């Protein structure tokens, strides 16, 4: 079942002004429950504008949006409740921390939903565990934590609302390689445990190739591709024409293919590339390669 569906979704900035710009143009999209979607596109492609429609931050200029089967803007009385089904984490979410303790910051969203204190406590502690925040840190001020820990607390605050769809806009932006791996690892673990829909907006082809089951490519306000990583990165020339790229490991293996090496499959992650090389070597053991 589609947890997010759009029909002819269009959004125009500055309508009836000289600065009119179509940011999302006639998008028809169906995202199934449980998918891990990577969203990529060059700056100005429309990807950030698109995701802001999914929890009602922007209202379409035309077209319709359905969240879990309900039309988002059909009944204003239902709008708030439907919005709770889609959690949106912006870039640098730690800048939005404001409470006295990590516990209170994570609890802010669930408390806004009108939940009981018992349910709020359960969600705070369960989500803190998921993101690697132990109980001793919950009573600390979030401003005493490291940058990576602050980001975990901020992400946990959205996760604690238990949305059916979690959307993260460049969640690893600005972090060092270790912090980046930790944040993306916890998001993947969250998806594995909760089995809900995750959308990851990223400029890193390596990240979306490694973690995502499907990739949504935005180009010039339209959906250019929506397919598996293998099928998307197989269209490397088209991606390059859009100003995008493919993972570095894919470039290496494509070069090997161009030089006549018998590479039987497309490679888009380092792990798979390593396994493939070992397989090829074992098949030719003793031969003069």
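Over the range 14-92, Cα pairs under 8 Å with separation of 6+ residues give a relative contact order of 21 percent.
Relative to the longest principal axis of the chain, what angle (0 to 90°, nearest 10) does the C-alpha long axis of helix 177-194 take? Roughly 70 degrees between the two axes. Quick note on the range 106-215: its Rg to Rh ratio, both from C-alpha atoms and Rh being the Kirkwood radius, is 0.96. How much of the DSSP beta bridge set in the chain is antiparallel, as a percent to the nearest 5? In the chain, DSSP labels about 55 percent of beta bridges as antiparallel. Computed from the C-beta positions of residue 76 and residue 195 and an R0 of 30 Å, the FRET efficiency is 0.45 to the nearest 0.05.
Give the relative contact order (percent, whole number) for the range 116-168; include only Cα pairs under 8 Å separated by 6+ residues. The value is 41 percent.
Could you state the per residue volume, in Å³, of the convex hull enclosing the Cα atoms of the chain? Given the Cα convex hull of the chain, per-residue volume reads 158 Å³.
With q set to 0.17 Å⁻¹, the log10 of I(q)/I(0) for the range 148-289, from the Debye formula over equal scatterers at the Cα positions, is -1.03. Across the range 131-289, the relative contact order, built from alpha-carbon pairs under 8 Å that are at least six residues apart, equals 14 percent. Label-to-label distance for residue 16 and residue 258 is 5.2 nm, based on points extended 7 Å past Cα in the beta-carbon direction. With N the number of residues in the range 1-130, Rg(Cα) / (2.2 N^0.38 Å) evaluates to 1.22. With helices as the sole contributors, the chain gives -12000 deg cm²/dmol at 222 nm; each DSSP H run of n ≥ 4 counts as -39500 (n - 2.57), and the sum is divided by every residue.
Can you tell me the 0 to 90 degree angle between the C-alpha axis of helix 117-130 and the longest principal axis of the chain, rounded to 10? Between helix and principal axis, roughly 20 degrees. Taking 0.36 nm per residue of separation and subtracting the Cα-Cα distance, full extension of the segment from residue 241 to residue 96 would add 48.5 nm. Using the Stokes-Einstein relation with a Kirkwood hydrodynamic radius computed over Cα pairs, the translational diffusion coefficient of the range 119-182 at 10 °C and a viscosity of 1.306 mPa s comes to 127 µm²/s.
Taken together, the values in this text are just the output of simple stated rules run on the coordinates, not laboratory data. Source: prediction; values computed, not measured. Backbone-built Cβ (ideal geometry, glycine too); neighbour counts: all protein chains shown.
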